[in-house]
Amino acid sequence: MPGSIHPYRILDYFLSKQNRRLSIFLRNGPAILGLVMAIIVTFVAIMAPLLAPYDPLSQNIDNMIASPDENHLLGTDRFGRDLLSRLIWGSRVSLCVGVGAILIGMTLGTIIGILAGVSSRRVGDRIMRVVDVLLSFPDEILGIMFMVILGPGLINITVGIGLLMVSRFARLVYGSTLSIVQRQYIEACKALGGSRIRIMIRHVLPNLYSEIFVIGSLWTATAIRVEANLSFLGFGVAPPTPTWGNMIRDGVIHLVEAPWLSLSPGIAIAFTVLAFNLFADGLRDIADPRTLGSI
Amino acid sequence: MIKYIAKRLIQGIPVLLGAATLVFLIIRVAPGDPAVAMLGAYAPEEVIQAYRVRYGLDDPLWEQYLRFIGGLVKGDLGKSLITGMPVASQVINVLPYTITLTLAGLIIGLFAGVPLGIVAAVKHGRPPDTIMRFLSLTGLSVPSFYLGIVLLYFIGIRLRAFPIVGAGDFSQPLGYLKHLFLPGLTLGIVMMAYVTRITRASMLNVLSDDYIRTARSKGVTRRTLLMKHALRNALIPVVSVTSLYTIILMGSSVMIEIVFSRPGLGKLLLQAVEQRDYITLESLIVLYSVFAITINIATDIFYAWIDPSISYS
């Protein structure tokens, strides 16, 4: 390793040629913090069977609503189940639903958005009008409506929140596609006889990747929050599977005598959502350095 | 201007119609027969059939659709499948609770968020800004219902400072306000997080404009510069996103009404879900979109009014 480089610059030295953006990202403190937090949650979710001290579902009638002590670091719930273990296993649901919903919303939304963007103005307008109708509902309301039809369950809530995200992605992609379609190289491609599908896949889509990725990570935070909301209302993954939302729902009845039951899962939700928010904020600074901070 | 207002109102109609159609279709393809849900699986077939006929659930779907849309036009939201009461009268009973709650959140959020955003922008890059940025991001990350539970526990249960259940009575304004305090504060904090961020970003944008430099070089005092020159322009984007935030607040109010056991639209909605009361459910969901669309139109009109550079055509 060359000895003349300042320690802080070593990383830059290796990165600067291949990827300037990464080095900008690495200097963004909050974004790194967010990334580290997200990695911690992901690690906990993957390693849940090894990390959890107890089976999250095993009940113990002799030890119900126990205060935190050395055996049960966060105490036990009303069935005597270890709260820490449930909290650790709950991270799986939050992450699966959050990331899964975004993948569904991203895929469908991008397809709809690009199609609307490259279609004739009349067709595009009509598609977007339907999207705008969906966007006019608050997340919770639309989420409740989808869950009423789909019923509870892990797959269903992922699909439900995914559907919620479709209109958001479609709106975003449509706007960007419209501005890309006006560029000269698209004109050139058309003049050369490039088909609409070729233009969409080869020329429009690659230009959308970075934006979709940045906003996608921001909306992962939203998806995780919406999952917690719906789960708290009882529309999410059904008990006894632990989710942070249904743990709060269960615990809130015992708020007076055992506040930790509902207060600790909330901290886990806030931690995870904040992780993705911080990370996305940092990504946005790189993608668009002109935004002074963030909106 | 009047022409613009009329145009915006007319543009709202197809959106509303679209929303109503969508909700109708989605709710009606839901599994589960409301008549069976209401009367129980062991009810005799003829009783279930009679119930279907009575509530028009037996008619062809398009007839039910036309009746639903026709009713909406006349302001008739149908009759609850459970109580047989008109949905509209139930809505009117609880609407004031939801509106006061949302307004409380909006007012607290704006009055606290705008000044904080200005401070953050003025101290750009320095500790107050960093702290404010972090706090507002945290505010966005904590789900509203959880924030409600936290306030309920620490202020309501531990300090016993404010009532935590129910909404009080309108005839006793002081008691009502006391009941409103915690739920309103919860929504207010959520709103504050959003408003602080947008005010800061918008203020930073304006402060880098040429006319601010000109004003500064003319010797305008810092106070006048910020309050008179910068703030006015910085508030325009704040106003426009406030409508978006109000719609977010309406969604959060559902959660807050559940946490604090307040009567309101959200509580009514969840009750309808539990009872599989499809008529009430679809009417309420459409009502939420009516509010959202109205807020959007009102904002556009307000926006056109405060910003002369927007053409009315």
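Nearest 500 deg cm²/dmol is fine: what mean residue ellipticity at 222 nm does chain B get from its DSSP H runs of n ≥ 4 alone, each adding -39,500 (n - 2.57), divided by its residue count? -24500 deg cm²/dmol, from helical runs alone. How do B:Asp277, A:Asp69 rank when sorted from fewest to most other Cβ atoms within 10 Å of their own Cβ? Arranged by neighbour count, lowest to highest, B:Asp277, A:Asp69 become A:Asp69, B:Asp277. Mean-square fluctuations from a GNM of chain B, with a 10 angstrom spring cutoff on Cα atoms, peak among B:Val286, B:Val15, B:Val53 at B:Val53. For chain A, the 222 nm mean residue ellipticity estimated from helices alone, with every DSSP H stretch of n ≥ 4 adding -39500 (n - 2.57) and the total spread over all residues, rounds to -22500 deg cm²/dmol. For chain B, hydrophobic long helices are taken as DSSP H runs at least 27 Å long by C-alpha position along their axis with mean Kyte-Doolittle hydropathy of 0.0 or more; these are B:2-28, B:87-122, B:173-207, B:231-259, B:278-306.
Using the Cα gyration tensor of the range B:2-87, with a ≥ b ≥ c the square roots of its eigenvalues, what is the shape: rounded (a/c below 1.5), prolate (a/b larger than b/c) or oblate (neither)? Prolate. A convex hull fitted around the alpha carbon atoms of the protein assembly as shown yields 224 Å³ per residue.
Shape analysis of the range B:57-171 places it in the prolate category; the axes a ≥ b ≥ c from the Cα gyration tensor give an a/c of at least 1.5, with a/b above b/c.
For the options A:Gly245, A:Gly113, A:Gly29, a Gaussian network treatment of chain A with springs between C-alpha atoms closer than 10 Å singles out A:Gly29 as fluctuating the most.
Would you please classify the overall shape of chain A from the alpha carbon gyration tensor, given that a ≥ b ≥ c denote the square roots of the eigenvalues, rounded means a/c under 1.5, and beyond that prolate means a/b larger than b/c while oblate covers the rest? Oblate.
Between B:Tyr42, B:Tyr194, B:Tyr211, the Gaussian network model of chain B with springs among Cα atoms under 10 angstrom shows the greatest mean-square fluctuation at B:Tyr42.
Within a straight-line Cα-Cα reach of under 29 Å, B:Lys7 can be paired with the following lysines, leaving aside sequence neighbours fewer than 8 residues apart in one chain: B:Lys74. The ranking of B:Met255, A:Met37, A:Met47 from fewest to most other beta carbons within 10 Å of each one's beta carbon is A:Met47, A:Met37, B:Met255. Remark: A:Trp89, B:Trp305, A:Trp260, A:Trp244 ranked as B:Trp305, A:Trp260, A:Trp89, A:Trp244, counting other beta-carbon atoms within 10 Å and listing the fewest first.
Where a number appears in this text, it was derived from the coordinates with a stated rule and is not lab data. The shown structure was predicted, so the numbers you read here are calculated from the model rather than taken from an experiment. No Cβ is skipped: glycine too gets one built from the backbone with ideal geometry, and neighbour counts run over all protein chains shown.
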